[in-house]
Amino acid sequence: MREPLKFYKMHGLGNDFVVLDCMDGRGMDFVGQARKLCDRHCGVGADGLIAILPSVVADCRMRIFNADGSEAQMCGNGIRCAGKFVHDFGYVSTLSPAVETMSGVKTLKLSLGADGKVTDVEVDMGVAVVRDEALAYGMIALSVGNPHIVSFVGDVMKYPVESEGPRLECHPVWPDKANVEFVQLCPDSVLMQRTWERGVGETKACGTGACAAAVAAVHAGLASFPLVVRLLGGDLHIDRDETSGHVLMTGPATLVFEGRLIPDDGTSSGSL
């Protein structure tokens, strides 16, 4: 019988993940594992699965799989969890680790609590690219390492996200589907946001989505940096470096518990 596989349950503002430590280079069926482990009735339960892998260009590599098994290019809440993981479990000692993703290498700044563990993470998300500001009235399409559609609404808590989210997710401007952000403008540089994530559904938070919402609001002349994006799971702080134009996202990362998985025949095959 194979050895049980250790996993970690982590979240960023309620956007939760099953995290697998693959820094020893092990391969497995990540797609199949994501579908099984993210099931909230028959698995561990999560919005996605994160694999932490070795990298030749950064301190580690992060692969992120949605609950339906589809692989995402980038995940803002997930990369904060990855930064906490590699620091708190001793893979890096630097407070500025670099993480390789499908959308490039991202640099992090880690903040520590009194116990020496990571509490908050600032992520240099790179430059957000506006794709089509006239996609539809009140909507902006843009990329923050992954695709987003931002829709400004009057009352986000009453908005029919459950029906409008899947409709806009499949808009033809994004052949591979998109994450959809429903955003309400509030006083004092605050945006209230609900997120429909492709391959998942509505989630409590979306880091790249918060960045997309902030950039869209500034691009449309509705707000200015820095901004607070208020999500169902809590607040993210979004700013932009005026020199580089890079978007900076800051928020918490939390370890919930550790566990062990009893492997089946599909857990040790596949590639990195």
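The values are calculated or read from the model by the stated rules, or taken from the named source; none is laboratory data. From a predicted model like this one, the values you see are computed outputs, not experimental measurements. Cβ: placed from backbone, ideal geometry, glycine included. Neighbour counts: every protein chain shown. Just the protein is used for accessible areas: all its heavy atoms, side chains included, with ligands, DNA and RNA removed. Shrake-Rupley method; radii C 1.70, N 1.55, O 1.52, S 1.80 Å.
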Answer residue from the stretch 1-21, given it is at pLDDT 95 or above and assigned to a loop (DSSP other than H, G, I, E, B) and is surrounded by the most Cβ atoms within 10 Å (Cβ to Cβ) among those: Leu13
In the stretch 23-72, how many are open to solvent by 60 Å² or more (accessible area, probe 1.4 Å) and either under 19 Å from Ser103 (Cβ atoms) or polar (S, T, N, Q) (or both)? 4
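Is there a residue being free of Cβ contacts under 8 Å to residues at least 60 places away in the same chain and open to solvent by less than 20 Å² (accessible area, probe 1.4 Å) anywhere in the stretch 257-264? Give the steps one after another, and end with the answer.
So in the stretch 257-264, the residues free of Cβ contacts under 8 Å to residues at least 60 places away in the same chain come out as 264.
Next, only the ones that are open to solvent by less than 20 Å² (accessible area, probe 1.4 Å) stay: none.
Checking the stretch 257-264: not a single residue is free of Cβ contacts under 8 Å to residues at least 60 places away in the same chain and open to solvent by less than 20 Å² (accessible area, probe 1.4 Å).
Out of Phe17, Phe85, Phe89, report the one residue that is under 28 Å from Thr250 (Cβ atoms), out of contact with any Leu (no Cβ under 9 Å at 6 or more places or on another chain) and not aliphatic (A, V, I, L, M). Spell out how you get there, then give the answer.
On the way: Phe17 fails: out of contact with any Leu (no Cβ under 9 Å at 6 or more places or on another chain); Phe85 fails: out of contact with any Leu (no Cβ under 9 Å at 6 or more places or on another chain).
The unique qualifying residue is Phe89.
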Single unsatisfied condition, Lys109 versus (1) under 20 Å from the mean Cα position of the chain (by Cα); (2) in a loop (DSSP other than H, G, I, E, B); (3) among the basic types (Lys, Arg): (2)
